[in-house]
Amino acid sequence: MSTCKSLMLGAMLLCAAAGASAAQTFPAAPVRIVVSTPPGGASDTSARVIAEGLSSLWKQPVVVENKTGASGTIGAAAVARAPADGYTVFFGTGSTHVVAPLMLPDTPYDPERDFTPLAIVGYAPFVLFARSDLPANTLQELVAYAKAQKSDLNFGTSGPATIYEVAALLLEREGKLKLNHIPYKGLAPMAMDVAAGRVDLGVGPIDGYLKNDKLKVLAVLGNERVASLPDVPSSAEAGYPGFAVPVWAAIWGPPGLPAPVAAALEHGLLQVLGESQVQGKIAATGVFVQAADGRALRGLVRRDLTALKEFGASQARAAR
């Protein structure tokens, strides 16, 4: 064997050994999960359940840090700029990685280039709900009622450039309606105003606020009913199959993570998400675990970016 070939083989063996060592020793320090929503919500609670499981698995502290604002892009951008060592990861959603990049022209990151996809956590079906005295009890009745009104119905969301606004835009398209969009700073204040009758409609994940008897659920937005609301039809059943809202949660690392570190993170996340106790705790937030690896997450983001571009959400946002 020539000297050149010997040196190349030696370098390859050293790289392989270093990679194996990194995978075996990671993590050797506390890990931080950045969440782009305030404490107490579905994303925050789910992240804390995952952090607890990872801490137990790795025998290292795993902490959750809330970095909110700008439709989730502040937290996402912080992780996109973090060191590529695996000790900072991001718990994000379709809002941060599909909707905001398409609807906010100054989003400070590229959702594909600036992250290392690690794992899909699961899906969070959305529901369309209304004030209890609205004279419509189904999606079909709502569309008929809205078209008969002389003024537009008010539609509350948790904020602009989020999946909630996309749901409102899709409802306008599917029902051929015009809605008066009212953005709030969070789901809870919006749901409270719908319950109080100050706003006609809202959209959000299946959550505790739906137990308020001043609210009524009109439809699950998607193709199927959900077990927790067995009597509520899906939007597809109601004749509106075009709701393609990216309602999922996932975890990313910064760009350029070494393959062994990314593999260690992915393996740990999938192991924790495979535990029935973890799945039950996360399901209580309205997020149903359907864990998948980083490759699947990369494909999911690309698919939904393409779908939303075709829908034209960015143009719709600019025109509002």
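Among all residues of segment 196-218, there is at least one that is closer than 24 Å to V64 by Cβ, among the aromatic types (F, W, Y) and free of Cβ contacts under 8 Å to residues at least 24 places away in the same chain. Of everything in segment 258-283, what is within 28 Å of F126 (Cα to Cα) and either buried (at least 16 other Cβ atoms within 10 Å of the Cβ) or in contact (Cβ under 8 Å) with a residue 40 or more places away in the chain (or both)? Give them in sequence order. If the condition is that a residue be within 28 Å of F126 (Cα to Cα) and either buried (at least 16 other Cβ atoms within 10 Å of the Cβ) or in contact (Cβ under 8 Å) with a residue 40 or more places away in the chain (or both), then E266, L269, L270, Q271, V272, L273, E275, V278, Q279, K281, I282, A283 are the ones that fit. Could you tell me which residue of segment 141-160 is surrounded by the most Cβ atoms within 10 Å (Cβ to Cβ), considering only residues that are farther than 17 Å from M190 by Cβ and among the hydroxyl-bearing types (S, T, Y)? Looking at residues that are farther than 17 Å from M190 by Cβ and among the hydroxyl-bearing types (S, T, Y), I get Y145. None of V64, V98 is buried (at least 24 other Cβ atoms within 10 Å of the Cβ), within 17 Å of the chain's Cα centre (by Cα) and not small (G, A, S) except V98.
Tell me whether segment 75-89 contains one or more residues that are part of a strand (DSSP E or B), in the same structural domain as A296 (by TED's automatic domain parsing) and either more than 17 Å from the chain's Cα centre (by Cα) or crowded, with 23+ Cβ neighbours inside 10 Å (or both).
Of the residues in segment 75-89, the ones part of a strand (DSSP E or B) are 88-89.
Keeping just the survivors that are in the same structural domain as A296 (by TED's automatic domain parsing) gives 88-89.
Still in the list and also either more than 17 Å from the chain's Cα centre (by Cα) or crowded, with 23+ Cβ neighbours inside 10 Å (or both): 88-89.
Within segment 75-89, one or more residues are part of a strand (DSSP E or B), in the same structural domain as A296 (by TED's automatic domain parsing) and either more than 17 Å from the chain's Cα centre (by Cα) or crowded, with 23+ Cβ neighbours inside 10 Å (or both).
Condition first: within 30 Å of K211 (Cα to Cα), of a type in the set (S, T, N, Q) and within 18 Å of the chain's Cα centre (by Cα). Can you find one or more residues in segment 265-278 that meet it? So far as segment 265-278 goes, no, none of its residues is within 30 Å of K211 (Cα to Cα), of a type in the set (S, T, N, Q) and within 18 Å of the chain's Cα centre (by Cα). Filtering segment 108-117 to residues that are closer than 18 Å to A161 by Cα and either of a type in the set (F, W, Y) or buried (at least 20 other Cβ atoms within 10 Å of the Cβ) (or both) leaves Y109, P111. Checking E112, E165 one by one, the residue that is touching a helix residue (DSSP H, G or I) at 6+ places or on another chain (Cβ under 8 Å), part of a loop (DSSP other than H, G, I, E, B) and either charged (D, E, K, R) or modelled with pLDDT under 95 (or both) is E112 and no other.
What about T138, is it surrounded by fewer than 18 Cβ atoms within 10 Å (Cβ to Cβ) and among the β-branched types (V, I, T)? Yes; evaluated as a whole, the condition is true for this residue.
For segment 161-182, which positions are under 20 Å from H97 (Cβ atoms) and either surrounded by fewer than 18 Cβ atoms within 10 Å (Cβ to Cβ) or among the polar types (S, T, N, Q) (or both)? Walk me through how you get there before you give the answer.
First, pick out the residues of segment 161-182 that are under 20 Å from H97 (Cβ atoms): 161-170.
Result: T162, single match.
Condition first: over 10 Å from L128 (Cα atoms) and at pLDDT below 90. Now tell me which residues in segment 215-233 satisfy that. Listed by number, the residues that qualify are G222, N223, E224, R225, V226, A227, S228, L229, P230.
The values are calculated or read from the model by the stated rules, or taken from the named source; none is laboratory data. Just so it is clear, the model here is predicted, and its values are computed rather than measured. Reconstructed Cβ throughout: ideal geometry from the backbone, glycine too, with neighbour counts over all protein chains shown.
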